[in-house]
Amino acid sequence: MRLRIALVVPVLVCLSACGSSAGSGSSSETTAPTEAASSSSAPLPTAIESSSASPAPTPDAPDVLFVDVIDDALAPYAALMGQPAAEADLSGVLSLHDGNVPLPEGATIVGAGMSVEEWDDESTYVEQVLGIGEPLTKADLEAFGAAAPTGWTYNSISTTDSSSILVMTRDDDDLRIALKVAPKPDPGEPPTEFRLEQETGDVPQPAWLASLPVLEGGQLIAVAEGVGEAAIEFRPMGRGLVSATWRFPADQLDALVAYIGSGVLEEAGFTLVDPDSISFGTAYIDVTAGEWTGQVIVGETMMDDKSFADLTWFLTRP
């Protein structure tokens with residue numbers, strides 16, 4: 001199976017207008033941005049397809065605060081910074097980087113992270129990325145592909161005005177390398193990114209998830225985390241990035257809007273940048289927690305001919 005280079009993308013939502021009560025919301029539809037979202041015909045999980053009564057918002061705070069657990073959670077990624085890739089314990093942090101994965105010679109790690117997303121009830125993909133400080137060239141990519149070890153197939157190199165990407169696949173399990181070089185990288189991104197991509201099983205549940213308020217009854221469909229110079233979900237990871245999305249039946253949209261406006265975010269230690277923004281007709285709330293900033297987003301997502309309500313947390317520490 002040929003995996004996508006970017007496995008997790010920011011959720012596109014249509015914002016739900018709402019007043020002081022959940023029942024006054026209205027919504028519009030927007031088409032999901034990916035091929036997988038627009039063309040997949042596989043049935044989605046029964047729990048998501050089924051309709052159920054909207055639960056009442058419950059402003060119970062999580063047992064732990066985000067700022068108290070996030071540094072420990074990201075510490076393994078941070079520990080890789082500045083290490084030679086060939087000498088670092090990559091498999092202990094990024095499981096796809098096993099002993100049979102070729103790495104660019106002389107690579108120094110400047111960023112590390114992972115993302116996992118479930119496209120449907122049969123397909124979940126993981127992407128693990130290393131930012132590399134050395135600026136490689138297209139000729140370096142060609143030499144890397146030509147030296148592919150036994151069991152790996154060098155597929156191709158594609159070039160645009162801003163970057164060149166080598167693709168290589170491991171024959172026995174379709175593990176895929178995407179090695180990207182950018183002569184003029186965007187701010188916060190390295191000159192070289194090394195990504196491993198593969199179909200996987202369940203979406204993992206990092207420890208920091210327990211610190212984010214989420215209405216009961218949702219299905220976790222995506223997580224991302226990382227540190228340093230590299231991009232996850234098309235955003236530089238900086239001094240830290242985490243993201244998670246839960247999916248609910250479409251008729252839970254108003255309940256989700258009411259939930260994030262119920263005081264539960266403040267109870268969990270987050271500060272709302274504009275506490276009145278919900279009443280102004282948006283379900284996109286800016287929050288802060290210590291050095292972290294981000295958004296809590298509630299919106300309707302379309303996949304094929306089905307509609308869902310999604311709750312997404314996206315937080316970064318620039």
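Just give me the residues in the stretch 296-308 being of a type in the set (D, E) and either under 16 Å from Q219 (Cα atoms) or touching a residue at least 12 places away in the same chain (Cβ under 8 Å) (or both), in sequence order. Full working, then the answer.
Step one: filter the stretch 296-308 for residues of a type in the set (D, E), giving 300, 304-305.
Once the filter is applied, which keeps residues that are of a type in the set (D, E) and either under 16 Å from Q219 (Cα atoms) or touching a residue at least 12 places away in the same chain (Cβ under 8 Å) (or both), the stretch 296-308 yields E300, D304.
Would you call R239 surrounded by fewer than 16 Cβ atoms within 10 Å (Cβ to Cβ), out of contact with any helix residue (DSSP H, G or I) (no Cβ under 8 Å at 6 or more places or on another chain), within 26 Å of A112 (Cβ to Cβ) and not aromatic (F, W, Y)? Steps first, answer last, please.
Working: surrounded by fewer than 16 Cβ atoms within 10 Å (Cβ to Cβ): yes; out of contact with any helix residue (DSSP H, G or I) (no Cβ under 8 Å at 6 or more places or on another chain): yes; within 26 Å of A112 (Cβ to Cβ): yes; not aromatic (F, W, Y): yes.
Taking the combined requirement at face value, the residue satisfies it.
Quick grid of which residues meet (1) assigned to a helix (DSSP H, G or I); (2) in contact with an Asp or Glu (Cβ under 7 Å, 6 or more places away or on another chain); (3) touching a residue at least 40 places away in the same chain (Cβ under 8 Å); (4) buried (at least 23 other Cβ atoms within 10 Å of the Cβ):
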| position | (1), (2), (3), (4) |
| --- | --- |
| D251 | yes, no, yes, no |
| D254 | yes, no, yes, no |
| V257 | yes, no, yes, yes |
| G294 | no, no, no, no |
Counting only residues that are polar (S, T, N, Q), assigned to a loop (DSSP other than H, G, I, E, B) and free of Cβ contacts under 8 Å to residues at least 40 places away in the same chain, which one in the stretch 85-122 is surrounded by the most Cβ atoms within 10 Å (Cβ to Cβ)? S95
Taking the condition of being within 15 Å of A78 (Cβ to Cβ) and among the hydrophobic types (A, V, I, L, M, F, W, C), how many residues in the stretch 208-258 meet it? 7
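If you go through the stretch 286-308 one residue at a time, how many are acidic (D, E) and under 17 Å from L65 (Cα atoms)?
Start the filter on the stretch 286-308 by keeping residues that are acidic (D, E), which leaves 286, 291, 300, 304-305.
Cutting the leftovers down to under 17 Å from L65 (Cα atoms) gives us 291.
Total satisfying the criteria: 1.
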Given (1) under 30 Å from I132 (Cα atoms); (2) touching a helix residue (DSSP H, G or I) at 6+ places or on another chain (Cβ under 9 Å); (3) buried (at least 17 other Cβ atoms within 10 Å of the Cβ), G290 misses just (3)
So, in the stretch 123-168, how many residues would count as being surrounded by 20 or more Cβ atoms within 10 Å (Cβ to Cβ) and part of a helix (DSSP H, G or I)? 3
I'd like to know if the stretch 259-272 contains one or more residues that are touching a Pro at 6+ places or on another chain (Cβ under 8 Å) and surrounded by fewer than 16 Cβ atoms within 10 Å (Cβ to Cβ). yes
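Coordinate-derived values only; no laboratory data. Only a predicted model underlies this, so the values are computations on that prediction, with no experimental measurement involved. So basically every Cβ, Gly included, is an ideal-geometry build from the backbone, and we count neighbours across all protein chains shown.
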